[in-house]
Amino acid sequence: MVGLSEGEKEFIKGGIAQDLRSDGRKRHTYRPFYVETGVIPQANGSARVRLGATDVIASVKAELGKPSSLQPDKGKVAIFVDCSPTAAPMFEGRGGEDLSAELSGALQRCLLGSKSGAGAGIDLSSLVVVEGKVCWDLYIDGLVVSADGNILDALGAAIKAALSNTGIPRVNVAAGAANDDQPEVDISDEEFLQFDTSGVPVIVTLTKVGKHYIVDATSEEESQMSSAVSISINRQGHICGMTKRGGSGLDPSVILDMVSVANFVSRQLFDKLDSEISAAEADEDES
């Protein structure tokens, strides 16, 4: 928890009310952010995102598995988040475990949609090798290295960058083996398929402070919030998922306005993230 004096609290709230935040940003402006890809060589894909003083890492590991009997035409994705105790004092002990579980659940809802797979921002059908028998299981791990607010958006950006950096080995199914209970497969060590991230959304969190809501809140601004709504939006402007935190309720008309603002902000975020990912991959190729 951020300790602020009454004067500091009023300064933060007053600045947001006047559309001039304490760091000079407007209400709907992000802090500068930077992307680095290929930071974990052992993973199939990885990325590091720095959003102001918030610093997170995401990695993707692919393993062959068996599709669920309820969804034989889809692969599986699991998302886990770990909050480093050195990232913030509140991450020590039980606080870090609770936040890790909260962030993991929020990312599942925002990126993977409902349990049926409806609204999923990650195309699970692309992970199937042999329907009902062999699929790719993706294990996505997030690590919060340093925390200064807006962790969920940063993790969402890092996961999108890590997936764009992910190569899935080409799998060849033995001739006539597709009908076997456990088909014989050959995993290539040389050929990799680039994971398609065109449908992967970005996450935009709108934090309500006083009568206004802001994007990319710092930890000081989050300490003054009444509620926050995180919306995952794909490149076509479709909502893939939504999650809310904070005890204060929101009028439906306010939520609709938040969705409209998130949609507008997401377009800028996509452009910036695409540019950062391209630059990071170019740097990785040169090194």
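The values are calculated or read from the model by the stated rules, or taken from the named source; none is laboratory data. Treat the numbers as computed from the prediction; the structure is a model and nothing was measured. As a convention, Cβ positions derive from the backbone with ideal geometry for all residues, glycine included, and neighbour counts pool all protein chains shown. Heads up: the accessible areas ignore ligands, DNA and RNA and are worked out on the full protein's heavy atoms, side chains in. Shrake-Rupley method; radii C 1.70, N 1.55, O 1.52, S 1.80 Å.
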**Complete:** Taking protein heavy atoms only, a 1.4 Å probe, and rounding to whole percent, the accessible area of the chain owed to carbon and sulfur comes out at 50 percent
**Asked** Counting pairs of alpha carbon atoms under 8 Å apart in space and at least six apart in sequence, what relative contact order in percent does segment 54-103 give?
**Response** 23 percent
**Item:** Accessible area of the chain divided out per residue, in Å², using a probe of 1.4 angstrom
**Value:** 49 Å²
**Request:** Would you please state the base-10 log of I(q)/I(0) at q = 0.15 1/Å for the chain, with intensities from the Debye formula using one equal scatterer on every alpha carbon?
**Result:** -1.14
**Percent RCO, i.e. relative contact order, over segment 6-286, from Cα pairs under 8 Å lying at least 6 residues apart** = 21 percent
**Request:** For E131, E221, E190, E276, give the ranking by accessible area with the largest first, probe 1.4 Å.
**Result:** E190, E131, E276, E221
**Item:** Helical mean residue ellipticity (222 nm; -39500 (n - 2.57) per DSSP H run of 4+; nearest 500) of the chain
**Value:** -10000 deg cm²/dmol
**Alpha carbon centroid spacing (whole Å) that separates segment 12-83 from segment 231-287** = 11 Å
**Complete:** Charge tally for neighbours of T29 with beta carbon under 15 Å away, counting Lys, Arg as +1 and Asp, Glu as -1, is +1
**Message:** Please give me, ordered by residue number, the trypsin sites (Lys or Arg not before Pro) of segment 23-83 that lie in loop per DSSP and have at most 13 other Cβ atoms within 10 Å.
**Reply:** K26
**Message:** I need the peptides 229-242, 196-209 ranked by packing, meaning the mean over residues of other C-beta atoms within 10 angstrom, with the highest value on top.
**Reply:** 196-209, 229-242
**Prompt:** How high is the FRET efficiency between K9 and F270 when r is their beta carbon distance and R₀ equals 35 Å, given to the nearest 0.05?
**Reply:** 0.55
